């Protein structure tokens, strides 16, 4: 198609603007990365990985990293398991009270008890300072259940007929026929669940008081957002800190939290996008 | 569809025992962690005393709500929540549409993909991380203030001056979510029938006219539905972002319902905190239900969250 001059000008302006957008999107990360890897000297800044040595050598941060990893893996595995079981039952039209159960599930998307009743429940269950307080309340999400149920419903009945004739149980059909066919949607759910748990900080702020049980995001919040100097000093003790500013320690802590997601991101991007589009999910 | 009823409910249960067992773990968790807390909302009508517990604490009727509206902080939080939400809606809603339209005009696919990838990355990071990054970027010694000073102005207190705080919240909010929002519009754009563009081109429409007369009308239903649905979210002003970026100096404009509830809770004022939370949940529920109804009516039953 031939282009008019106006269109050519538009193209250039458009590309330039979007290039600017990309730079603005990227700049904060570049800045924090540079801040984490340099420190000020008399004549400018010099490269150093001291901040990373401090952060990665800090037992509290390492414990928190481990707790976050554990929580993420545990929650993702259990979410997938429980959601697949329920999604399968919900996909079957013969399930007793199916309509009512679906309503109960969907209603949780638009109404909830709020933080005080949730906090009191966790306390009454004795889950304060337990990793289960971070895993169990988020395990059943209406969103995941509906996505998986909808996908299972699209699997043609003809695929399961033979197995049924042979007397296979529902559980066997779920694990041998449904799950292998559902890998893309399960990968999407798994990824979103994992990222959600990796990023959670609010629940741990409310439910975890013991520093040995704390998660990375909540610790990061104390160091970077609440700017707790006590925390920062604890990270900085024991090593030569003469030339390391609190800024670079903070920046390095941020980077340690960002990196796992940023490194995973290019490989699993399409599942992220798929998850966004599934956001338009409906009954 | 409806099979003739044979036997009692128990027989039905027995026949579907396996399906019910598969459903059981989810139902137990759903009831325990979603419906039990809803029952806990009765605290809004009680004077909670830790020594008596939830059940035996005395009823006080609407006293908590009266205290709430008589206080200075809650009406302010309500106002701030509405203001911030409306500003987000005004500026934040348009940004992903513009971004999607501009990306849609790009014919160089690696460039398009690259820009998209970079713009929706922040959506997958927590506001603890992003808030921490912005505290560094916007501090008095940060790069943004170098620029401000290089331009000959005195440094700006982005996070401790009320008006600047709101500007910062809105702009960083757009920075975080515009790329994510654009994905939905790009999918809608990809679904437009190419024949429409060809027909328009044959009629002599340039790209600008094609955008006005083909793209925008095709995008309109998606825009309207998303707009209505985000209206129903007006009491959610973005807790994660605000909590990680604000400080007592900007409570006047930045304290929202959720941060207020959290503060009451930290002070062990459970009755008041629950009342505020309940107020928000009920209004939110009414808004979502009516917005969803409106979205469905407007789109002929095509759209809506359920």
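Kindly check whether there is at least one residue in segment B:251-263 that is closer than 29 Å to residue B:161 by Cα, in contact with a helix residue (DSSP H, G or I) (Cβ under 9 Å, 6 or more places away or on another chain) and not in a helix (DSSP H, G or I). Walk me through how you get there before you give the answer.
Of all residues in segment B:251-263, those closer than 29 Å to residue B:161 by Cα come to B:251-263.
Going one step further and asking which of them are in contact with a helix residue (DSSP H, G or I) (Cβ under 9 Å, 6 or more places away or on another chain), we end up with B:251-263.
Add one more test, that the residue is not in a helix (DSSP H, G or I), and what stays is B:255-256.
Yes, segment B:251-263 has at least one match.
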Check: Which of the following residues is within 22 Å of residue A:251 (Cβ to Cβ), surrounded by fewer than 20 Cβ atoms within 10 Å (Cβ to Cβ) and at pLDDT 95 or above: B:130, B:171, B:147, B:118?
Finding: B:171
Next item on the list: Determine whether residue A:135 is touching a helix residue (DSSP H, G or I) at 6+ places or on another chain (Cβ under 8 Å) and more than 8 Å from every other protein chain (Cβ to nearest Cβ).
Entry: yes
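What's the total number of residues in segment A:78-97 that are more than 8 Å from chain B (Cβ to nearest Cβ) and within 15 Å of residue B:24 (Cβ to Cβ)? Steps first, answer last, please.
Taking segment A:78-97 as the starting set, the residues that turn out to be more than 8 Å from chain B (Cβ to nearest Cβ) are A:78-81, A:84, A:87, A:91, A:93, A:97.
Right, trim to within 15 Å of residue B:24 (Cβ to Cβ) and you get A:78, A:81, A:84, A:87, A:97.
Result for segment A:78-97: 5.
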Notebook entry, point to check: Since residue A:188 meets every condition but one in (1) within 22 Å of the chain's Cα centre (by Cα); (2) in contact (Cβ under 8 Å) with a residue 40 or more places away in the chain; (3) crowded, with 20+ Cβ neighbours inside 10 Å; (4) within 11 Å of chain B (Cβ to nearest Cβ), which condition does it not meet?
Noted result: (4)
Notebook entry, point to check: Could you list, in sequence order, the residues of segment B:146-169 that are part of a helix (DSSP H, G or I) and in contact (Cβ under 8 Å) with a residue 12 or more places away in the chain?
Noted result: B:162, B:163, B:165, B:166, B:168, B:169
Next item on the list: Answer yes or no: is there a residue in segment A:49-65 that is in contact (Cβ under 8 Å) with a residue 12 or more places away in the chain, crowded, with 16+ Cβ neighbours inside 10 Å and in contact with a strand residue (DSSP E or B) (Cβ under 8 Å, 6 or more places away or on another chain).
Entry: yes
Notebook entry, point to check: Can you name the condition, by its number, that residue B:135 falls short on among (1) in contact with a helix residue (DSSP H, G or I) (Cβ under 6 Å, 6 or more places away or on another chain); (2) part of a helix (DSSP H, G or I)?
Noted result: (1)
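I'd like to know if segment B:112-119 contains one or more residues that are farther than 24 Å from residue A:195 by Cα and either over 25 Å from the mean Cα position of the chain (by Cα) or assigned to a helix (DSSP H, G or I) (or both). Give the derivation first.
Restricting attention to segment B:112-119, the residues satisfying the condition of being farther than 24 Å from residue A:195 by Cα are B:112.
Remaining after also requiring either over 25 Å from the mean Cα position of the chain (by Cα) or assigned to a helix (DSSP H, G or I) (or both): B:112.
Yes, segment B:112-119 contains a residue that is farther than 24 Å from residue A:195 by Cα and either over 25 Å from the mean Cα position of the chain (by Cα) or assigned to a helix (DSSP H, G or I) (or both).
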Next item on the list: Among the helices (runs of 4 or more DSSP H) lying completely within segment B:1-85, list those that include at least 2 residues that are more than 8 Å from chain A (Cβ to nearest Cβ) and touching a residue at least 12 places away in the same chain (Cβ under 8 Å).
Entry: B:63-70
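Could you tell me which of the residues A:68, A:108 is within 23 Å of residue A:198 (Cα to Cα), more than 9 Å from chain B (Cβ to nearest Cβ) and assigned to a helix (DSSP H, G or I)? Step through it out loud before you land on a result.
Working: A:108 fails: more than 9 Å from chain B (Cβ to nearest Cβ).
Among A:68, A:108, only A:68 is within 23 Å of residue A:198 (Cα to Cα), more than 9 Å from chain B (Cβ to nearest Cβ) and assigned to a helix (DSSP H, G or I).
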Checklist line | residue B:286 vs. criteria out of contact with any helix residue (DSSP H, G or I) (no Cβ under 9 Å at 6 or more places or on another chain) and either assigned to a helix (DSSP H, G or I) or over 18 Å from residue B:77 (Cα atoms) (or both) | finding: yes
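Quick test for you: out of A:27, A:88, pick the one residue that is in contact (Cβ under 8 Å) with a residue 60 or more places away in the chain and either closer than 30 Å to residue B:15 by Cα or assigned to a helix (DSSP H, G or I) (or both).
Of A:27, A:88, the one residue that is in contact (Cβ under 8 Å) with a residue 60 or more places away in the chain and either closer than 30 Å to residue B:15 by Cα or assigned to a helix (DSSP H, G or I) (or both) is A:88.
When you scan segment A:160-261 for helices (runs of 4 or more DSSP H) that lie fully inside it, which ones turn up with 1 or more residues that are in contact with a helix residue (DSSP H, G or I) (Cβ under 7 Å, 6 or more places away or on another chain) and modelled with pLDDT of 90 or more? Reasoning before the result, please.
Details: elements: A:170-173, A:183-199, A:202-207, A:216-220, A:229-236.
Counting at least 1 such residues, we get A:170-173, A:183-199, A:202-207, A:216-220.
The values are calculated or read from the model by the stated rules, or taken from the named source; none is laboratory data. Everything numeric in this text was worked out from a predicted model, so none of it was measured. For neighbour counting, all protein chains shown are included, and Cβ atoms are generated from backbone atoms with ideal geometry for every residue, glycine included.
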